[in-house]
1. On the given criteria, is A:A298 on the phi < 0 side of the Ramachandran plot and of a type outside the set (D, E, K, R)?
2. Among the residues in region B:218-225, are any away from chain A (no Cβ under 14 Å) and not in a helix (DSSP H, G or I)?
3. Looking only at region A:279-292, which residues are open to solvent by less than 30 Å² (accessible area, probe 1.4 Å), out of contact with any Leu (no Cβ under 6 Å at 6 or more places or on another chain) and not aromatic (F, W, Y)?
4. Which members of region A:47-102 meet the condition of being facing chain B (nearest Cβ under 10 Å), under 20 Å from the mean Cα position of the chain (by Cα) and in contact (Cβ under 8 Å) with a residue 60 or more places away in the chain?
5. Looking at B:E128, B:E150, B:E187, can you tell me which residue is outside any loop (DSSP other than H, G, I, E, B), acidic (D, E), assigned by TED's automatic domain parsing to the domain that holds B:R240 and at pLDDT 90 or above?
6. Taking only region B:38-71 into account, find how many residues are of a type outside the set (A, V, I, L, M), within 13 Å of chain A (Cβ to nearest Cβ) and buried (at least 20 other Cβ atoms within 10 Å of the Cβ).
7. Within region A:350-357, can one find any residue that is over 30 Å from A:L220 (Cα atoms), buried (at least 20 other Cβ atoms within 10 Å of the Cβ) and either assigned by TED's automatic domain parsing to the domain that holds A:W97 or in contact with a Ser or Thr (Cβ under 8 Å, 6 or more places away or on another chain) (or both)?
8. Determine which member of the set B:P230, B:P206, B:P210 is open to solvent by 50 Å² or more (accessible area, probe 1.4 Å) and either out of contact with any Gly (no Cβ under 8 Å at 6 or more places or on another chain) or not assigned by TED's automatic domain parsing to the domain that holds B:M261 (or both).
Amino acid sequence: MRLGVTLASLFAVSVAGAATAQTELSLWYHGAGSANAEEALVNQLVEEFNASQSDWKVLIETFPQLAYNDAVGAAALAGELPDILDVDGPVMPNWAWANYMQPLGIDEAKLEGYLPGPIGRWNGEVYSVGLWDAAVALTTRRSTLEKYDIRVPTLDAPWSLEEFNSALETISASGDFEYPLDLGMAWKGEWYPYAFSPLLQSFGGDIVDRTTYQTAEGVLNGDAALAFGEWWQGLFANNYVPGTSQDAADRETGLLEGQYAMSWNGNWAALPVVEAFGDDALFLPAPDFGNGSTIGAASWQFGVSATSEHPEGARAFIEFALQDKWFTAFSDGTGLIPVTATAAADTANYAPGGPLEVFYDLSEAQALVRPVTPGYIVQAKVFEKALSDIANGADVADTLDAAVDEINEDIESNSGYGH
Amino acid sequence: MALVSPDNRGLRLVTRYAVLILVAVIFVFPLLFMGVSSLKPDQQLLSDTNSLRAFLPVGDISFDNYSDAFQRAPIGVFVLNSVLVTGVTVLLTLFVCSLAAFSFVFLDWKGRDVIFTILLATLIIPYETIFIPLLLMASQLPWIGGGGIEFGWLNTYRVQIIPFIADGLSIFLFVQYFKDLPRELIEASRVEGASWWMIYRKVVLPLSGPVIATAAILKFLFMYNQYLWPLMVVQAEEIRPVMVGLGYFTDQLNVPWGEVMAYLTIITVPVLAFYLSLQRVFIASVASTGVKG
């Protein structure tokens, strides 16, 4: 009898255990060592998801950003991808094309009202979604513009090319600043296509022809691109901006310490400006160089790996993350832009009247994602090198022609990247 | 025959010391820069690079970068992992490669020269070129663990160690050194009835201090500086080595240079300690074999 009771108890315990066992899902996150609150918030998100239901348990593995993309590539080769990946927005098409990722498969109605940048689409399907976005603006002081009698531009009436050049010339001639504008040349890598390709697009050019994604001919070396290149080189030749050897510390503090009159910088660097200048701080829209005003968009996003055995679990996690409360938490913790207006209204910085509200408006009105093509990861590096060379005095037409050749050869050698 | 006057001797001595000091400065200043910079805030660190202040512990000096670095990354775990992986690999390399070299030099077996030639040919193949096939193999290899036979070595210590135990360079070093050992000693031992194992252990190894030190240092540096391989095969933070850990100190746009210097200073300590402990035998080996470290 006693034996029977014991066996029955053991059976009951094992059945109960099986009933409550959660299936493990792996999640790879790129932000190990990040000094801000993002990593802690991702951990909190995982913990709350695990506690919110009994089917899935997400286990997070963090990587340093420097090594993350290479680690994902190696894991894909070895067939060891996790269930859930985080992916930088412009890189996503490459991973989808290379079969690292599968379509997210979530109801797109849930993404209504989102900013355009955080939704990662490839070949007509959503592969990834972000919980935040970032935006850049011309950061300056109202008193600086008033001192030199320069009009304060607005989203509806941004500076024209002539106005922008005139402002640089006026401020430069005053001799009050080391440089009238800081473009952030101390930053390398993705900063170039993210921050500077919108300027090229505003001239009417682009990194690659977005109608076909099969060539850069005519867009990166056409008349508009040549005009952009000449203008770009002139910024450095006229000492309007620091060159490629800019000190990283100057990039950090140059505007605050009065070295620069204006700075082309992101919302992540805006709070110190507000603290330093208060109501005098201005975050201005990108100038319109003739083809509209645009700024970059898309930051890190979550997606499901192609080899996940539990895509429904991965999807459940991502859908859990797509709540205003998380958008608000990440925004308050990291200073990044929440992806919905309703979440923005609850944040400390982006609520109506908040110090960074303008960035949400900029993101909503001007954001243009970088070229949505698997070849972007190569094109971004080619673009970076070309702009750096032109800044350092290389012939504009030759440099852009060489960049076009390199991009086209890469597209050809990858059979058009599946477009 | 030219006479060397006392004045000439003095001049030569001064010249010699001047050259030696210059060479020492070239080698020591980067370390000095690293150590000193680790004590400075970023802005001062970068502005000091324009002058000799970069090598002096002046200005706003503190250990803040060290405490910040420890908060940013599990440095102790990374250092322990690297020391463990490197230490085990070095020991196994010394054992396996010296045994292989012993076989090449002292044993007479069919195909020995061909195999040795093939082994030497592997020296010209860069490791990076075989990483992808090695990765694919490592992801499928079997292993007997607690739960029986399992497949896949990724995310383990063994995948960081085993592929690097045997290498052509270490075997080559041992072979060259063993060839110079007096054959009479080996022959006398054989006549006395010693087994090959006993000759290896009691005769050859005790005479091989310099080459053991050389092979150990070269392997130590190679393993401790590994970046690409562990990056590809290790996903878990708890078994990550120091060089991959360096990535914790850069993000998309900013590099906290002071923390980077603090991290580099910390992870350089085991290398310096290991080198200094073997320095005397290493130099003896360089002098006797002409091997450069």
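The values are calculated or read from the model by the stated rules, or taken from the named source; none is laboratory data. Bear in mind that the values here come from a model prediction, so they are computed numbers and not experimental data. Cβ: placed from backbone, ideal geometry, glycine included. Neighbour counts: every protein chain shown. Note: accessible area is taken over every heavy atom of the protein model, side chains too, but ligands, DNA and RNA are not part of it. Shrake-Rupley method; radii C 1.70, N 1.55, O 1.52, S 1.80 Å.
1. For A:A298, the condition - on the phi < 0 side of the Ramachandran plot and of a type outside the set (D, E, K, R) - is not met.
2. Taking every residue of region B:218-225 in turn, at least one turns out to be away from chain A (no Cβ under 14 Å) and not in a helix (DSSP H, G or I).
3. Result: A:A281, A:L282, A:A286, A:P287, A:G292.
4. Of everything in region A:47-102, just one residue is facing chain B (nearest Cβ under 10 Å), under 20 Å from the mean Cα position of the chain (by Cα) and in contact (Cβ under 8 Å) with a residue 60 or more places away in the chain, namely A:D88.
5. Residue meeting the stated conditions: B:E187.
6. Matching residues across region B:38-71 total 3.
7. Checked against the condition, which is being over 30 Å from A:L220 (Cα atoms), buried (at least 20 other Cβ atoms within 10 Å of the Cβ) and either assigned by TED's automatic domain parsing to the domain that holds A:W97 or in contact with a Ser or Thr (Cβ under 8 Å, 6 or more places away or on another chain) (or both), region A:350-357 yields at least one hit.
8. Of B:P230, B:P206, B:P210, the one residue that is open to solvent by 50 Å² or more (accessible area, probe 1.4 Å) and either out of contact with any Gly (no Cβ under 8 Å at 6 or more places or on another chain) or not assigned by TED's automatic domain parsing to the domain that holds B:M261 (or both) is B:P206.
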